[in-house]
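Below is one structure; the comments refer to it alone.
Every read-out reported here was derived from the displayed coordinates using simple, explicitly stated rules and does not represent laboratory data. Computed from a prediction, not measured in an experiment: that's the story for all the values here. Glycine gets a Cβ as well: all are built from the backbone with ideal geometry, and neighbour counts include every protein chain shown.
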């Protein structure tokens, strides 16, 4: 709805205010009058009228002639709304927007993630992130960036930020809502957007790779926590409860991407997920294959998470001391997964006191109660004081 409202005047802030006002009125009116037959049309019509009043007010700068502008048709098809999000994402990825703020802007504007959560994900102070987002929205309005699908040759330049946003939304969602039902979280939105991108760009391998990655990871969502709400690591999950339809869809998308012959970051990440998903089809996970894929991933996208996972695999294959040496070469600081891996490797090496300290440090770096409970049980299983 925001994408629909913002398109005519290209003013995201005004559209956000108008939409918020319309939703507030809906909460008041619908309680007494009942929900209208077409609630989206009701909200959009009220928001449109507020925008009209704003445009007619003195002192407001509109980047288009007022005559003939109709933000929303009276009878809007609600089914058309979701696909407009991709259009808005591509607006946020316009070259006129600073590269560092494109993904945060999409996360907030298109997917509704609050600026504090975005700031935490990007290791930026919340106030600084909020200011960057406001400046970016003003930039869209002041430069008159059109709300339209770019030409194919321009799409390639904007696509990386769009893919990063879909991936980031899914990653943020997994951290903040462990075990949450897909329809109650952003994971369903990320999956929808990833699959919609494959329809828009069916021959783009990284688009296919991202969609495969989200499908394969989402297939295991229900197994991430047990009945007691305790986190279950991937290698301990029961593959019989994984979503077979999503697994098959992810494998098909990954195969299509592979046939393009242009490997990239999201394809490698999807291939890693595929290797871990092999248990669902009766094939044991081969750590040597997974390590090879992580090494390829690190070459094209040397993220700290990938390098920590690679250190864990070094420990699994070559022994805990080898894994610790790999981990010591990283500047992990307060990166929580690194402390989990360190605790595991130290415990496997028989250095229980140091392992316990690493586990306790990792528990202090997460706000996920399911993970904390898992770490406590892990320490107890190794006779370490939590």
Here, residue 116 and residue 281, labelled 7 Å along Cα→Cβ, have an inter-label distance in nm of 4.4 nm
Going fewest to most other Cβ atoms within 10 Å around each Cβ, 253, 197 line up as 197, 253
Relative contact order as a percentage, the chain, C-alpha pairs under 8 Å and 6+ apart, gives 10 percent
Full extension between residue 380 and residue 244 adds, at 0.36 nm per residue less the Cα distance, a length in nm of 45.5 nm
Label model pair residue 29, residue 195: point-to-point distance (7 angstrom along the Cα→beta-carbon line) in nm is 3.3 nm
In nm, the gap between the two label points placed 7 Å beyond Cα toward Cβ at residue 222 and residue 295 is 3.8 nm
FRET efficiency (residue 334, residue 128; Cβ distance; R0 25 Å; to 0.05) is 0.85
When the chain is treated as a Gaussian network with springs between alpha carbons less than 10 Å apart, the largest mean-square fluctuation among 334, 314, 228 is found at 228
Here the gain from full extension of residue 354 to residue 317, 0.36 nm per residue of separation minus their alpha-carbon distance, amounts to 11.2 nm
Inter-part gap, Cα centre of segment 268-320 to Cα centre of segment 1-25, in whole angstrom, is 44 Å
